[in-house]
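Okay, structure first, notes after.
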Amino acid sequence: MRVRDARRGGVLFGLLMTALAVVCLLVAFGIYVASRVVVRHNGQDGGDVSIDLPGGSFSIRAHDHAGSNVAGVPTYPGARPAHEESGGNAVFEWNSNRDGQEKGFAVSASDLVTDDSPDKVAAWYRQQLPNWIIEKKWDGEIHMELRDGGYQRIVSIRERNGRTHIGVAAVGRPASN
């Protein structure tokens, strides 16, 4: 008759108990986080959402007016939202107040379209934004950019399906309230 190695059973039992302890800790952490998450819907049709988490807050604000500008970048005259049903632009913000220091990050974006030519749109933006870096990409896209102290604004102009698409984005610290 063979004698069973007691060490083998002890190692398996130890691994099983460790795995069980890790699972219990993950479940407890999940319950802790879930109990402190607050989701709020704002706006008429719930288009604005705020989520408060233990480490900070995340918000999404949708703007349904095409005439609005993104981070001070002017809107091309006569441009309209690329997708009429999606509205004009959106702002995504993350704010955290850890260690007594306010920290945050925001992304604003707008996708517009016009029947004017890309060259005409680019000429208008060059006149409006003379200090910006302008780069024409190999596929015909015109890319304009301004970086200022950790804050970046971008205008992208490209032709697609016979219309000129204008993408405007701003990335950096959120605007102060």
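Quick notes on this structure:
- Sorted fewest first by neighbouring Cβ atoms within 10 angstrom, 144, 17 come out as 17, 144.
- Percent of alpha-carbon pairs separated by more than 13 Å within the range 127-177: 64
Just so you know, all these numbers are worked out from the coordinates, no wet-lab data involved. Quick caveat, the model's predicted, so the values are computed rather than measured. Heads up, the Cβs are rebuilt from the backbone with ideal geometry, glycines too, and the neighbour counts pull from every protein chain shown.
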